[in-house]
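Have a look at the structure below before the remarks.
The values are calculated or read from the model by the stated rules, or taken from the named source; none is laboratory data. Everything numeric here is computed off the predicted structure, so don't read it as measured data. Glycine gets a Cβ as well: all are built from the backbone with ideal geometry, and neighbour counts include every protein chain shown. Accessible surface areas use protein heavy atoms only, side chains included; no ligands, DNA or RNA. Shrake-Rupley method; radii C 1.70, N 1.55, O 1.52, S 1.80 Å.
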Amino acid sequence: MKNTDLITLISLAKNKNQKAQTQLINLFWVDVFSFVMKKVQNENVADEITVSVFSKVLAKLDLYDPNFQFKTWILTIAQNSVIDYWRKKSRENEDSTDNFDDFKNHFALSPEELLISAEDQKKIVTIIESLDSKYQDIIRLRFFEEKSIKEIAEELNITVANTKVRIMRAKKVLSELLKTNEFDD
């Protein structure tokens, strides 16, 4: 497409001409999708990011400077979107490991505590079994099978946020039950 035709198309798209917007998206979709796909290596994620990129492109067309290549401008938005994706993903991973590290540190066992009697172990298992089934599942998956928050969310078919809340609640309920059921020294 000639540069003058592209400038005309961009101008029409700026004025909310849906046909021009669709044409602009179709013109650059493959370039953006391919660029994003190389960075994330996941077709579904690349698709989501590409949709997001074009949403931003259409919302920010007023900011485009015609003295620069339009494709470069779009790919810069794509690059920033990929960076945002990896930052968010990194934070999710940090959150899931931070929660587990806090739990491990909070309940780190001393050598004496490692000598819990078989009877005490049975009491702990009995207390866990007395919990609501969704809390039992969370405790089993998180602390016995040591699965990540994301893995638990997928297995239980719930959101990551809901998984974090359930883990927090299950720990709180279990902690209260363990406090009220004194163990012999």
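When 57, 82 are checked against the criterion of being in contact with a Leu (Cβ under 8 Å, 6 or more places away or on another chain) and modelled with pLDDT of 85 or more, 57 stands alone in meeting it.
Condition check ((1) without any contact (Cβ under 8 Å) to a residue 40 or more places away in the chain; (2) in contact with a helix residue (DSSP H, G or I) (Cβ under 8 Å, 6 or more places away or on another chain); (3) among the charged types (D, E, K, R)) across all residues:
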| residue | (1), (2), (3) |
| --- | --- |
| 33 | yes, yes, no |
| 38 | yes, no, yes |
| 41 | yes, no, no |
| 52 | yes, yes, no |
| 58 | no, yes, no |
| 62 | no, yes, yes |
| 66 | no, yes, no |
| 72 | yes, no, no |
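Residue count for segment 1-20 satisfying the condition of being of a type in the set (S, T, N, Q) and modelled with pLDDT of 90 or more: 4. When segment 147-159 is filtered for residues that are open to solvent by 50 Å² or more (accessible area, probe 1.4 Å) and in contact (Cβ under 8 Å) with a residue 40 or more places away in the chain, only 150 remains. Just one residue in the set 56, 71 is closer than 15 Å to residue 24 by Cα, open to solvent by 70 Å² or more (accessible area, probe 1.4 Å) and in a helix (DSSP H, G or I); that residue is 71. Contact map, segment 78-98: residues that are closer than 15 Å to residue 167 by Cβ and open to solvent by less than 60 Å² (accessible area, probe 1.4 Å) paired with residues that are at pLDDT 80 or above and not β-branched (Val, Ile, Thr), Cβ distance under 9 Å, separation 6+ or inter-chain. Pairs shown: 96/148; 96/150. Close Cβ contacts (under 7 Å, 6 or more residues apart or on different chains) running from residues in segment 126-146 that are in the same structural domain as residue 167 (by the TED database) to residues that are among the polar types (S, T, N, Q) and open to solvent by 20 Å² or more (accessible area, probe 1.4 Å) comprise 127/181; 128/136; 129/136. The conditions of being modelled with pLDDT of 95 or more and surrounded by 11 or more Cβ atoms within 10 Å (Cβ to Cβ) are not met by residue 49.
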